[in-house]
Amino acid sequence: MNTRVGNEHGQGDLFPLTHWSVVLAAGRSQAEPEIAGAALAELCQTYWGPLYTFVRSRGYTVHDAQDLTQSFFAYLLEHKIYARVDRQKGRFRSFLLASLKNFLADAADRERTLKRGGAQNFLPLHEEQAKEAESLFQTHSGTTNEDRLFDRSWAEALVAAGLERLSADYKREFKEKLFNELRIFIAGGADPPPTYAELADRLGIAESTLRSHVTRLRARYRQALRAEVRRTVDTETQVDEELHELLYVLTQA
């Protein structure tokens, strides 16, 4: 599901065919539902954590929030809710959040469904994924505005997805150790990053070489984030807008 397109500067880059476009097209034409399902599932994996934190903010227990989040995605696909939206009037994440709110509005019926064992597993629920989502909720549970909590969770989920994408790229290039040493320069950490002189000495390379590695890493990280955002938008302008929003959300914490 990848294709090459030119950006506004005339440069070609790897632009994943917009998953959202695939989902909508299949929903409207009834064509290739398996492809639509796979595209939606891949998108929803990234958004599972943010939506889970929103459900938790409504007062649901860990178990019920997990079941409701799983059921929501199954409901989204089964009823083709995604085919009803005008994607020109809103962001994918805004559509997801609005759909989730509607889904939770009928809370009594949802709870009865859960008690009957009716929760569906559209997405495989991994234990580590669930733990990370709960940790995210606990970290930001002091946020009183539930929409703001979702936005913060969305921003952090995209950053994590971008880092994972970049880590996988370095691993394929047999540079996993280099990435692990340098990731503090883009991801931060509890401790301050080492000086270039210290790290260059540890890696056994020239400081000028290390600086070049860090510069390339930062450039590739920006590309990785753009690639994540592109999965739900159509143009480079929209990518820029989403990245601007992401930065704003993160700096408001």
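The values are calculated or read from the model by the stated rules, or taken from the named source; none is laboratory data. Remember, it's a predicted structure, so these values are computed and weren't measured experimentally. Glycine also receives a Cβ, built like all others from the backbone with ideal geometry; neighbour counts cover every protein chain displayed. With ligands, DNA and RNA removed, areas are computed over all heavy atoms of the protein, side chains included. Shrake-Rupley method; radii C 1.70, N 1.55, O 1.52, S 1.80 Å.
A few points about this structure:
- The one condition in (1) of a type in the set (D, E, K, R); (2) within 17 Å of Ala168 (Cα to Cα); (3) open to solvent by less than 50 Å² (accessible area, probe 1.4 Å) that Arg231 fails to fulfil: (2)
- Test: residue in the range 125-142 that is open to solvent by 60 Å² or more (accessible area, probe 1.4 Å), over 16 Å from His63 (Cα atoms) and at pLDDT 75 or above: yes
- Unique residue being touching a residue at least 40 places away in the same chain (Cβ under 8 Å) and surrounded by 14 or more Cβ atoms within 10 Å (Cβ to Cβ) when the list is Ala200, Ala224, Ala160: Ala224
- Scope the range 206-216; condition in contact with a Leu (Cβ under 9 Å, 6 or more places away or on another chain) and either within 10 Å of Leu178 (Cβ to Cβ) or of a type in the set (A, V, I, L, M, F, W, C) (or both); matching residues: Leu210, His213, Val214
- Given (1) exposed (fewer than 14 other Cβ atoms within 10 Å of the Cβ); (2) farther than 24 Å from Leu158 by Cβ, number of the condition Ala190 does not satisfy: (2)
- Any hit, the range 48-63, residues being farther than 21 Å from Ala161 by Cβ and at pLDDT below 85: no
- Filtered residues of the range 144-157 (kept if open to solvent by 30 Å² or more (accessible area, probe 1.4 Å), of a type outside the set (Lys, Arg), within 19 Å of Arg93 (Cα to Cα) and out of contact with any Gly (no Cβ under 9 Å at 6 or more places or on another chain)): Asn145, Glu146, Asp147, Asp151
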